[in-house]
Every structure is written in C-alpha cells, then in structure tokens.
Amino acid sequence: MPKTSYSMPVVGSTGKTGSWRTFDPVIDYDSCIKCRTCWLYCPEASIDIDEEGYPRIDLDYCKGCGICAQVCPKKCIEMVRGEVAREGGDA
Ligand code: SF4
Ligand code: SF4
C-alpha cells in the first residue's frame with residue numbers, strides 16, 4: 001500500500017489566528033444551501049453548524065486560507081480584507 005499524509009483538523013492547533021489573518025471569509029446566507037462543504041474542508045475546524053444548519057465561522061481561529069470560499073458550490077463565501085489589514089493602512 002502506498003503511504004499518504006493524513007491529519008485531523010483540530011481547533012486552535014496553531015493558536016488564535018485573529019491577530020494575523022489578512023482575509024476574512026464572509027458568508028452570504030441568502031445564497032447558502034446548508035450543504036456543509038465548507039465545514040467539511042476547513043483545515044482549522046473553525047466552522048461550526050448552527051441549530052438551523054447554517055455554517056458559522058469562528059474568526060478567533062480561522063486563518064483566512066480561503067479554502068471554504070473555493071469549495072463552496074454556491075460561491076457564497078467571499079474573502080474580504082479584514083480588520084488587521086485595514087489597521088495596517090494599505091487596504
Ligand atoms: S478561510 Fe480557511 S480557516 Fe477560515 S473558515 Fe475558511 S477554510 Fe476555515
Ligand atoms: S459550502 Fe457554501 S453553500 Fe455549502 S454550507 Fe458552506 S457557505 Fe453554505
């Protein structure tokens with residue numbers, strides 16, 4: 001059998017990311033179909049599903065990688081420059 005890499009996402013495995021993340025994922029809930037694809041692929045396990053089935057992103061641990069936006073079948077997650085970048089003054 002060929003060997004392959006394998007890892008399990010763990011919330012906060014690299015510490016809080018809110019202080020250095022540049023881009024924030026923003027969900028358009030009017031377009032979300034509750035498919036959970038973003039939740040499945042988030043490498044930081046920073047997306048939870050609320051009681052109504054919608055994804056909720058924990059920005060304390062999200063690193064802004066944009067994977068959720070890439071995999072969303074409805075393209076209803078937009079990566080926008082966040083608070084850290086705005087404070088830096090170049091946004
Ligand atoms: S941007 Fe990356 S870390 Fe943040 S919620 Fe999306 S997939 Fe997870
Ligand atoms: S992948 Fe997109 S459509 Fe699916 S639950 Fe996440 S935000 Fe909603």
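All of the numbers you see were taken from the coordinates with simple rules; none came from a lab. Quick caveat, the model's predicted, so the values are computed rather than measured. Virtual Cβ from ideal backbone geometry, glycine too; neighbours counted across all protein chains shown.
Brief remarks follow.
- For the stretch 31-79, averaging the sequence separation of C-alpha pairs within contact (under 8 Å, six or more residues apart) and dividing by the residue count gives a relative contact order of 39 percent.
- Applying both filters, DSSP loop and at most 16 other Cβ atoms within 10 Å, to the chymotrypsin sites (Phe, Trp or Tyr not before Pro) of the stretch 26-83 gives 29.
- For residue 37, neighbours were defined as the other residues whose beta-carbon sits under 12 Å from its Cβ, and their charges (Lys and Arg +1, Asp and Glu -1) total +4.
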